[in-house]
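Shown next, in structure tokens, is the structure this report addresses.
The values are calculated or read from the model by the stated rules, or taken from the named source; none is laboratory data. These numbers were taken from a predicted model, which means no experiment stands behind them. Backbone-built Cβ (ideal geometry, glycine too); neighbour counts: all protein chains shown.
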Amino acid sequence: MAKTTAPAKPAKKTVEPTPCFCGCGKDSKGLFAPGHDAKMCSELVKAVAAKKLTKAQALAKAGKASDALKNKLTTMLANADKRFKEKGDRAVARAQAKAARAAARSGDEKVSG
């Protein structure tokens, strides 16, 4: 019996590394280095919260990212709005409680003085 030889496997394509899209400067085989898609989303949400970017600008910066990543960013921005509003409400409540305690202390001092 004659031996049959297996067909030659095609050579693997070598992917030229490209700079990570998040701006960190690391080389990646895809658009982002591992984990840097989430890192970019977080940075954009922080920039919107600090009023350095608008939501539209943040979504524009996500430019050539996948639709799934843009959807993730949109969700993160919506959740951040709610979270920062709640955080602001808690800060106002703490400030009011602190002012009430200070007023109560100053009232005690006037009575005893």
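When segment 90-106 is filtered for residues that are modelled with pLDDT under 85 and of a type in the set (S, T, N, Q), only Ser106 remains. Filter segment 16-30 for residues that are crowded, with 16+ Cβ neighbours inside 10 Å and part of a loop (DSSP other than H, G, I, E, B) and give the result. Cys20, Phe21, Cys22 - these are the residues of segment 16-30 that are crowded, with 16+ Cβ neighbours inside 10 Å and part of a loop (DSSP other than H, G, I, E, B).
Scanning segment 35-61 for residues that are more than 20 Å from Phe84 (Cβ to Cβ) and surrounded by 12 or more Cβ atoms within 10 Å (Cβ to Cβ) gives His36, Asp37. Select from segment 35-53 the residues that are in a helix (DSSP H, G or I) and out of contact with any helix residue (DSSP H, G or I) (no Cβ under 6 Å at 6 or more places or on another chain) and write down the one among them that is nearest to Lys72 (Cα to Cα). Looking at the filtered set, the residue picked out is Ala38.
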